[in-house]
Amino acid sequence: MTDRLEPADEAALARLVGEAHAEGTPLLVCGNASKLGMLRPVQAARTLSARALSGIGLYSPAELILAAGAGTPLAEVAAAVAAKGQHIIAEPPDFSALLGGGAQTLGGAVAANLSGPRRVAWGAMRDHVMGVRAVNGIGETIHSGGRVLKNVTGLDLCKLLAGSHGTLAVLSEITLKVLPAPERRATLVLRGLAPERAVAALAAALGSPYAVSGAAHLPAAQAARVPALAWLGGAVTLARIEDFASSVAYRSGRLRADLAAFGAAEMLDDAASQVAWAAVRDALPLAAEAGAVWRVSVRPSAGPAVARAVAEAFDAAWFFDWGGGLVWVAGPATEAAHDAVCAAARAAGGTWMLLRAPEALRAAVAVIPPEAPALAAITRRVKAAFDPKGILNPGRMFAGI
Amino acid sequence: MIAQPAPKRDVLARRDSIVAGLRALLPETGVIAEALRLKPYETDGLSAYRQVPLAVVLPETTEQVAAVMAFCHREGVRVVPRGAGTSLSGGALPMEDSVVVGLMRMNRILDIDYADRCAVVQAGVTNIGITQAVQGRGFFYAPDPSSQLACMIGGNVNMNSGGAHCLRYGVTANNLLGLKVVTVEGEVLEIGGAHMDAAGYDWLGLLTGSEGQLVVVTEVTVRILRGPEGARAMLAAFDSNEIAGACVDSIIASGIIPVALEFMDRPAIHACEAFAHAGYPLDAEAMLIIEVEGSVAEQDDLLEKISQICRKFDPISLKISQSAEESLAIWKGRKGAFGAVGRISPDYLCMDGTIPTSRLPEVLRRIGEMSMSYNLQVANIFHAGDGNLHPLIMFDANDPASFEKAEHFGADILRLCVEVGGCLTGEHGVGVEKRDLMGVQFSETELEQMRRVKSAFDPGWLLNPSKVFPLKADAA
Ligand SMILES: Cc1cc2nc3c(=O)[nH]c(=O)nc-3n(C[C@H](O)[C@H](O)[C@H](O)COP(=O)(O)OP(=O)(O)OC[C@H]3O[C@@H](n4cnc5c(N)ncnc54)[C@H](O)[C@@H]3O)c2cc1C
């Protein structure tokens, strides 16, 4: 056996995992390895990539369903659905600028359950995973869910595997719900708001009847990094509306009037909106920062307190997505800075993820919040239920699991 | 009839001491053990199955639930969690040796946060109760099962319930942020919170729809949404199921996702019209109810676009509601569908498979053939946008042979759903009803995988016994 395994089909995948199970050989499980810079480093003699399990097997636009091999490049999926006027609902981010990795696969995007700005209104990546096929740590092939939009038959292992970062099973095929892409997008931009005011404006926008599908705030320094926003000169608070053109025109006008108390809003057209939201999605305003990057998820109104706490603790760059509920933070790759981020997230009752840092730091700290003892015990038992010998991405999420 | 395993004799023998132990943990009125007062808990929405439990407890706090769970765990007593008992799959059916933990007294709304668009409610709050608490500010809780006046959020979470509007707003799983739960050992766990997305494993996703197999839910943090400016319905009727199905495909392919897209076949139309006098076209073979949202102008625009699509399929009638009252009338028949069928036949089984929408005409044709060969009437109601099919099989409960036939007919329909690429249940859950059909959809390897997950939460298999998983391992 070589050190790099790239099974060409699901049967080969099952055989290879079965062999590794028999030998007790740990495997680094990945797609295109674009997210290896995230979370804890994995110590494994062999790498198992699902990238060869590639190709769209089913796409039925009228049924809003697409199934593809886990190794299919996400861009290929996005292009296929775009050709039929549809889109991937959760707007998954592309971290190649942030992490320096290659093009991500569908399996990687699902295994990491990473969602973009639309998450705040339309749900996470995992919400649209209708079915998976996968190979568990014993080498057994299992499926959960299916190719229909509503399915409550048995335990929902789709959601458990989405976001499990390849630690429970190796995804081989994924069935996604997709939706018609909007005909038009527009973005209202409020200028110069302080964080608290910005989050209040975004709460008003998200609490309006106008179906706002993106809600972000970038301080001046971060806005300056985004060409579509830099010309506005200062902090920007963004609210996106996506729908049929006539609806977008009507609703953005109404929203603008409703938000008048926060200042006169500028309007970004469709093209500028696409550029701006891609930047927010991919955390481009932080990509050029040296050091570590964290994602902190809190109740939206707590976003400003998190930003304040980290800015007091170190030289932090930050911005908000999800109406303030997702705080992107960049700062020095030190344990002290990490502790400050964790403390801020904890104080706000939320969670964190250390998304980018040198390997030494990622190996030394809790990259995601440790679980309470009773839950941690369940985590260990569920891990063992899929992967009794602990061969799949050992230690990727929690040390020793 | 689906067989239930024998009760644990040793538990039955200790009944008095178990009841006394429970009484020590709860307020006076919180423990029910008298035969007459246990009767209301013997069944749920699948009323053909009945079994009086050993006792019922009605805790008022998470701490009381935890105390009961710890006690039952120590005593080796099985526990059946229960909300309103509206499950259509026998999910809340007790066993003779089990303690029912009823959550109905935990019915308080603990917090409403409009800025963060979430509410924290106890498990026994009704589905409609959440919307009622927030609608004064124009907000609502999106999943709207037809049973929403009665069913409780804890039950909704455990069944991952849907509703008529889940095409646009998703099912329960898509509208939750956090849970407070009690494990079988009596430990209290916080899952998620007011923030989005877990950092570790997605426990929230796994527990949703777990049918009381993994934990007891005591509190739920739900997303609340601002309602649209308005909504309006239209009705389109066609000459055949095929044509109506093709029209549904065409609407979705046009890029319009209505908030609701409901399909009724001829028997359903007739039953509902006789009941509700909603003005449904009795000469139609199939009918669609389509609802859109937005400002009046947006509604006009969307309804016109949809009408244009419908006209391409030669509808035999097309009616766009002009007012809220007319929309209500259009919905009245659909919402009363169960009651309407109940008038034709007091006893019916409500099935719940999902199919790929493209297979609808074929599936309805084959259900029609089965209806002939079983000699039982069936009316089909269908959440057309998402493929969730509800055949209502009418039978006579006074005739055991008729019930037996209805169960076989139902099982055949569900097998057909799986055969065409669908699943056994879209929203009502497996419960007792579909437990023994699980092998149609899952391999033994897959069932074992799910059983191991169940064991990770409930090593002694004390929680909601003999549901979901085919019996074999349950006895372990
Ligand atoms: C007329 C009618 C219409 C219906 N329409 C719909 C519909 O449109 N869509 C739909 O999805 N369903 C529908 N249902 C089915 C049913 O209402 C749902 O499944 C509902 O969610 C059940 O809620 P409940 O409070 O009655 O739960 P119960 O029936 O009491 O329990 C349901 C299951 O959840 C478990 N459970 C309940 N509470 C808890 C808890 N706190 N912790 C752990 N486990 C728990 C029980 O053990 C059981 O397995 C309908 C039922 C009826 C009778």
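The values are calculated or read from the model by the stated rules, or taken from the named source; none is laboratory data. As the structure is a computational prediction, the values presented were derived from the model and not from experiment. Neighbour counts run over all protein chains shown; Cβ positions are idealised from the backbone, glycine included. The accessibility values were calculated without ligands, DNA or RNA, using every heavy atom of the protein model including side chains. Shrake-Rupley method; radii C 1.70, N 1.55, O 1.52, S 1.80 Å.
What to note about this one:
- Members of region A:142-176 that are more than 8 Å from chain B (Cβ to nearest Cβ) and of a type in the set (Asp, Glu): A:Glu173
- Any hit, region B:132-142, residues being outside any helix (DSSP H, G or I), more than 14 Å from chain A (Cβ to nearest Cβ) and either free of Cβ contacts under 8 Å to residues at least 40 places away in the same chain or surrounded by 24 or more Cβ atoms within 10 Å (Cβ to Cβ) (or both): yes
- Residue check, B:Gly205 among the small types (Gly, Ala, Ser), near the ligand (Cβ under 9 Å from one of its atoms) and either part of a helix (DSSP H, G or I) or under 30 Å from A:Ala62 (Cβ atoms) (or both): no
- Test: residue in region A:344-354 that is over 19 Å from A:Gly166 (Cα atoms) and basic (Lys, Arg): yes
- When restricted to residues that are farther than 17 Å from B:Ala92 by Cα and in a loop (DSSP other than H, G, I, E, B), region B:1-58 contains 9.
- Boolean, B:Asp436 is modelled with pLDDT of 95 or more, more than 16 Å from the ligand (Cβ to nearest atom) and not aliphatic (A, V, I, L, M): yes
- Unique match (being β-branched (Val, Ile, Thr) and open to solvent by less than 30 Å² (accessible area, probe 1.4 Å)) among B:Val292, B:Val296: B:Val292
- Filtered residues of region A:33-61 (kept if open to solvent by 40 Å² or more (accessible area, probe 1.4 Å) and β-branched (Val, Ile, Thr)): A:Ile56
- Against the test of being open to solvent by 10 Å² or more (accessible area, probe 1.4 Å), in contact with a Gly (Cβ under 7 Å, 6 or more places away or on another chain) and more than 25 Å from A:Thr72 (Cβ to Cβ), the options A:Gly139, A:Gly192 yield a single qualifying residue, A:Gly192.
- Residue count for region A:1-32 satisfying the condition of being without any contact (Cβ under 8 Å) to a residue 24 or more places away in the chain and surrounded by 14 or more Cβ atoms within 10 Å (Cβ to Cβ): 1.
- Close Cβ contacts (under 7 Å, 6 or more residues apart or on different chains) running from residues in region A:209-230 that are closer than 19 Å to B:Glu229 by Cβ and open to solvent by 40 Å² or more (accessible area, probe 1.4 Å) to residues that are in a strand (DSSP E or B) and of a type in the set (A, V, I, L, M) comprise A:Ala211/A:Ile241.
- Filter result for the condition that a residue is at negative phi and in contact with a helix residue (DSSP H, G or I) (Cβ under 9 Å, 6 or more places away or on another chain), over A:Leu64, A:Leu28, A:Leu39, A:Leu74: A:Leu74
- The helices (runs of 4 or more DSSP H) located wholly in region A:254-358 that include 2 or more residues which are open to solvent by 30 Å² or more (accessible area, probe 1.4 Å) and free of Cβ contacts under 8 Å to residues at least 60 places away in the same chain occupy A:270-281, A:303-313, A:335-347.
- Enumeration of residues in region B:150-175 that are over 13 Å from the mean Cα position of the chain (by Cα) and part of a loop (DSSP other than H, G, I, E, B): B:His165, B:Gly170
- Residues within region B:382-401 that are surrounded by 17 or more Cβ atoms within 10 Å (Cβ to Cβ) and within 17 Å of B:Gly342 (Cβ to Cβ), tallied: 6
- If you check B:Ser373, B:Ser466 for being of a type in the set (Ser, Thr, Tyr) and within 16 Å of the ligand (Cβ to nearest atom), only one passes: B:Ser466.
- Residues of region B:174-193 satisfying the condition of being facing chain A (nearest Cβ under 7 Å) and within 17 Å of B:Phe140 (Cα to Cα): B:Asn174
- Residue count, region A:364-397 (criterion: open to solvent by less than 50 Å² (accessible area, probe 1.4 Å) and either under 19 Å from A:Ala44 (Cβ atoms) or outside any helix (DSSP H, G or I) (or both)): 18
- Listed by first and then second residue, the pairs with beta-carbon distance under 8 Å, at least 6 apart or on different chains, first residue in region A:40-67 and within 14 Å of chain B (Cβ to nearest Cβ) and part of a loop (DSSP other than H, G, I, E, B), second of a type in the set (Val, Ile, Thr) and surrounded by 17 or more Cβ atoms within 10 Å (Cβ to Cβ), are A:Arg40/A:Val367; A:Leu64/A:Val178; A:Leu64/B:Ile252.
- If only residues of region B:71-89 that are within 6 Å of the ligand (Cβ to nearest atom) and of a type in the set (Gly, Ala, Ser) are counted, the one that is farthest from B:Val101 (Cα to Cα) is B:Ser87.
- Residue satisfying condition, being open to solvent by 10 Å² or more (accessible area, probe 1.4 Å) and closer than 26 Å to B:Glu187 by Cβ, within set B:Ala66, B:Ala33: B:Ala66
- Of the residues B:Ala340, B:Ala379, the single one that is surrounded by 20 or more Cβ atoms within 10 Å (Cβ to Cβ), of a type outside the set (Ser, Thr, Tyr), more than 14 Å from chain A (Cβ to nearest Cβ) and touching a Cys at 6+ places or on another chain (Cβ under 7 Å) is B:Ala340.
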